[in-house]
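I have placed the structure first, in the form of structure tokens, so that the comments after it can refer back to it.
The values are calculated or read from the model by the stated rules, or taken from the named source; none is laboratory data. In this text the structure is predicted, and so the values were computed from the model without any measurement. Neighbour counts are summed over all protein chains in view; Cβ atoms, including those assigned to glycine, are modelled from backbone coordinates with ideal geometry. To get the accessible areas, we keep the full protein, side chains included, count just its heavy atoms, and leave off ligands, DNA and RNA. Shrake-Rupley method; radii C 1.70, N 1.55, O 1.52, S 1.80 Å.
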Amino acid sequence: MSIFVNKDTKLLVQGITGKEGSFHARHCVTYGTNVVAGITPGKGGQKMDDVPIFDMVSQAVAETGATASMIFVPPPFGADAIIEAADAGIGLIVTITEGIPILDMLKVKNYLATKTCRLIGPNCPGIITPDECKIGIMPGKIHKKGGIGVVSRSGTLTYEVVDQLTKAGMGQSTCIGIGGDPVNGTNFIDVLAAFEADDETTGIVMVGEIGGSAEEEAAAYVQKHLTKPVVGFIAGLTAPPGRRMGHAGAIISGTSGTGAAKIQAFRDNGIHVCENLGKIGQICKDVFRVT
Amino acid sequence: MKIHEYQAKELFRQYNIPVAQSSVAFSKEEALKAAIDLGAFPVVIKAQIHAGGRGKGGGVKLAANPDQVLTIADQFLGMNLVTHQTGPEGRIVRKVLVEAGQSIDKEFYLSLLVDRQTEKIVIMASQAGGIDIEAVAEKTPEKIIKVYVDPLLGIQGYQLREVGFRLGFPAPAMKQLYGLLFNLYTFFMESDASLVEINPLILTSVGTVLALDAKVDFDSNALFRHKDLLALRDLDEEDPMEVEASKYNLNYVNLTGNVGNIVNGAGLAMATMDIIKNAGATPANFMDVGGGASAEQVENAFRIILADPKVKAILINIFGGILRCDIFARGVVDAAKKTGVTIPVVIRMEGTNVDQGKQILTDAGLNLTFASDLSDAAAKIAAAVN
């Protein structure tokens with residue numbers, strides 16, 4: 001098993017004819033993801049390589065049975081694209097787009113509360129179940145099938161962690177980047193619960209950063225509900241307060257959101273803390289008792 | 001994007017959020033004219049910088065007559081104002097707000113912001129106005145009223161009343177508060193604000209409700225639909241190197257250490273700063289060239305960091321996924337040649353086409369040190385500066 005995506009996932013790509021959209025859609029196809037449709041309003045009836053293009057998500061769903069969407073539209077149209085996918089009955093919406101206004105996301109989140117679909121992102125690298133399905137911009141070949149679940153707020157930092165896991169002989173069940181924005185679809189707790197319920201996942205790596213309180217809430221959840229071992233890492237321990245560190249959500253406001261408080265919450269709740277990113281592969285090996 | 005108090009109050013007036021009569025002045029002569037135009041003394045002179053804590057820092061003073069206006073304005077303009085929010089380096093004051101003095105009966109705190117946890121707009125209000133609200137929040141959180149507004153429904157009548165009654169607002173002034181709060185919410189939503197704060201919100205001795213201060217921060221991601229607000233940006237309040245970096249879509253934050261670093265991706269950039277610190281050195285900056293940076297961006301990143309006199313060595317940490325290492329290496333070679341870099345550079349690269357990338361760097365004959373992994377990179381950069 002795995003979580004959220006597998007070999008049966010049928011993907012459509014919103015914004016497939018854009019520079020980023022076409023580049024990454026092709027990489028997903030090459031990886032083996034079943035990309036069944038692309039969406040670009042006004043280009044319906046055309047094709048990108050072998051992928052048919054539709055004007056509207058609802059048409060693509062009716063004709064191809066798409067179950068998931070990967071969104072690459074520019075930020076002003078991000079909220080619209082997510083709502084279109086949700087209204088068309090897409091079950092998993094992965095939004096790569098960075099820079100969607102926070103009030104747009106706030107409205108989207110409150111609207112999606114009335115729906116059953118899952119949103120991952122925005123401003124995220126996506127989700128991958130190695131050897132089955134890659135939805136996103138992560139380099140496929142650093143991943144390897146296995147039992148470690150990875151959940152993270154960032155992109156390249158996740159690749160670093162996955163690369164070390166793979167090199168240390170630990171494959172992954174599913175890796176998810178939940179995104180660096182203050183308001184996002186899927187949070188740490190959603191993913192932790194899914195990993196706990198997934199019989200293929202034997203251990204979990206959680207990669208957080210400064211800002212907000214999602215890591216603290218997740219740590220309390222781990223203590224209460226998880227039986228599987230969790231290794232945690234926090235980026236930004238040296239970041240000064242009040243400054244936005246690239247991600248819109250990575251900002252220490254007042255005394256909340258500091259790295260030190262998050263590390264403490266990890267420790268207090270039985271999460272194995274990795275303080276040196278260079279050693280996370282080794283630490284996971286020890287904690288997960290991989291030989 | 002932060003704006004000044006005088007700009008925020010101008011926007012408040014457009015939304016019928018009551019503020020005292022005031023105008024901005026860039027010289028002591030203008031300040032005097034502004035004070036005389038107000039028609040009565042005392043007036044309040046307030047230094048305009050993008051940081052709170054101005055009152056405690058000595059940037060707000062009362063002037064009882066024209067002579068005092070000139071003296072205070074002269075003292076403020078050009079002074080380096082240090083508050084608990086500016087850091088020890090302070091900020092240069094380039095303008096002052098001259099405002100009609102008020103006779104204050106009661107002071108409250110009122111703010112609106114996005115609450116990440118509930119994913120609603122939260123109204124925060126307190127009877128403990130006029131002082132450091134963060135201290136109140138930490139020591140006596142029960143003194144802060146929180147009301148959560150669904151962004152799809154908008155603010156409801158009962159929520160206006162809830163704020164008013166829980167604040168213990170005097171009945172005769174209640175309607176003024178409802179109007180102010182409703183307009184403030186409208187302003188917040190229509191302008192894509194991420195924070196609107198009034199501290200203090202006052203009730204004057206004649207029963208008028210006024211926003212005596214105004215702090216507004218806009219969501220930078222939403223400025224594409226607010227060209228008018230973009231004109232309020234004050235580049236004097238920003239670090240010149242950060243302004244330069246923003247022109248090339250580089251995420252850059254100037255820090256105090258001496259190890260410059262260039263990283264792709266915000267999370268990895270933060271983690272790299274932490275690694276530098278762990279190894280016994282201090283980062284001079286945060287620099288994220290983006291997950292898929294172009295050669296041009298790399299070159300500009302290099303140029304900006306080299307222009308920083310406190311940088312004694314540079315650590316480059318790239319995990320090439322979308323960004324191919326060979327393309328990155330070409331950017332580094334071009335940048336190094338153009339800028340004539342003389343300080344030590346440690347490079348750690350991983351990912352797509354890493355061998356070609358290393359070959360390009362080796363062939364260029366530059367003074368670079370390769371690191372095999374993150375721990376090695378940290379040790380080498382620390383050795384270079386210590």
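For the reader, a short list of remarks on this structure follows.
- Protein accessible surface hidden between B and A, which excludes ligands and nucleic acids, total in Å², probe 1.4 Å: 4000 Å²
- Counting every pair of alpha carbons in segment B:240-385, the share spaced more than 23 Å apart comes to 23 percent.
- When only alpha carbons are used to place a centre, segment A:21-73 and segment B:309-386 end up 38 Å from one another.
- Normalised by 2.2 N^0.38 Å, where N is the number of residues, the alpha-carbon radius of gyration of segment B:104-229 equals 1.04.
- 27 Å Cα-Cα threshold exceeded, pairs from B:LYS277/B:LYS310; B:LYS175/B:LYS227; A:LYS134/A:LYS228; B:LYS46/B:LYS247; B:LYS215/B:LYS312: B:LYS175/B:LYS227; B:LYS46/B:LYS247; B:LYS215/B:LYS312
- Qualifying GluC sites (Glu not before Pro) in segment B:13-97, DSSP loop, other Cβ atoms within 10 Å at most 12: B:GLU89
- Averaged over B:253-262, number of beta-carbon atoms from partner chains that fall within 10 Å: 1
- Among B:TYR248, B:GLY365, B:GLY351 - extreme Cα towards positive end, dipole of chain B, charges at beta-carbon: B:TYR248
- Among the GluC sites (Glu not before Pro) in segment A:176-210, none sits in a DSSP loop with a Cβ that has at most 11 other Cβ atoms within 10 Å.
- Chain A - Rg and Dmax from Cα coordinates, angstrom: 18.4, 56
- For A:VAL273, the shell of other residues with beta-carbons less than 10 Å away shows a net charge of +1, using +1 for Lys and Arg and -1 for Asp and Glu.
- Per residue accessible area of segment B:21-100, 1.4 Å probe, in Å²: 47 Å²
- Each part gets one Cα centre, and for segment B:113-170 versus segment A:80-100 those centres are 32 Å apart.
- Model label sites at A:LYS115 and A:ASP80, defined 7 Å from Cα along the beta-carbon direction, differ in position by 1.6 nm.
- Remark: segment A:190-291 carries 40 Å² of accessible area per residue (probe radius 1.4 Å; ligands, DNA and RNA excluded).
- Gyration tensor over alpha-carbon atoms, the protein assembly as shown, equivalent ellipsoid semi-axes in Å: 45, 31, 24
- With 10 Å bins from 0: P(r) over chain B, alpha-carbon pairs, percent: 5, 20, 23, 20, 17, 11, 4, 0
- Charged neighbours of B:ALA173, selected by a Cβ distance under 12 Å, balance to +1 (K, R count +1; D, E count -1).
- Segment B:8-52 and segment B:216-230: distance between their alpha carbon centers, rounded to Å: 23 Å
- Per residue, the accessible area of segment B:240-385 comes to 35 Å², computed with a 1.4 Å probe over protein heavy atoms only.
- Portion, in percent, of the accessible area of the protein assembly as shown that falls on carbon or sulfur, probe 1.4 Å: 52 percent
- Segment B:21-100 - convex hull of alpha carbons, volume per residue in Å³: 70 Å³
- Reachable lysines from A:LYS47, criterion Cα separation under 19 angstrom, eight or more residues apart if same chain: A:LYS10, A:LYS19
- Residues along segment B:312-332 losing 30 Å² or more of accessible surface when the other protein chains are present rather than the chain by itself (probe 1.4 Å): B:PHE319, B:GLY321, B:ILE322
- For A:275-287, mean number of other protein chain Cβ atoms within 10 Å: 3
- Across B:LYS2/B:LYS33; B:LYS106/B:LYS139; A:LYS167/A:LYS262, pairs whose alpha-carbon gap is larger than 23 Å: B:LYS2/B:LYS33; A:LYS167/A:LYS262
- If you take the alpha carbon atoms of segment A:48-145 and fit the smallest convex hull around them, that volume is 115 Å³ per residue.
- Shielded by partner chains, segment A:149-191 residues - at least 50 Å² of accessible area, 1.4 Å probe, vs chain alone: A:THR156, A:GLU160
- Other protein chain Cβ atoms within 10 Å, averaged over every residue that makes up B:190-196: 2
- Here's how it looks for B:ILE262: its modeled amide H is under 5 Å from those of B:LEU315, B:ILE316, B:ASN317, which are all 5 or more places away or on a different chain.
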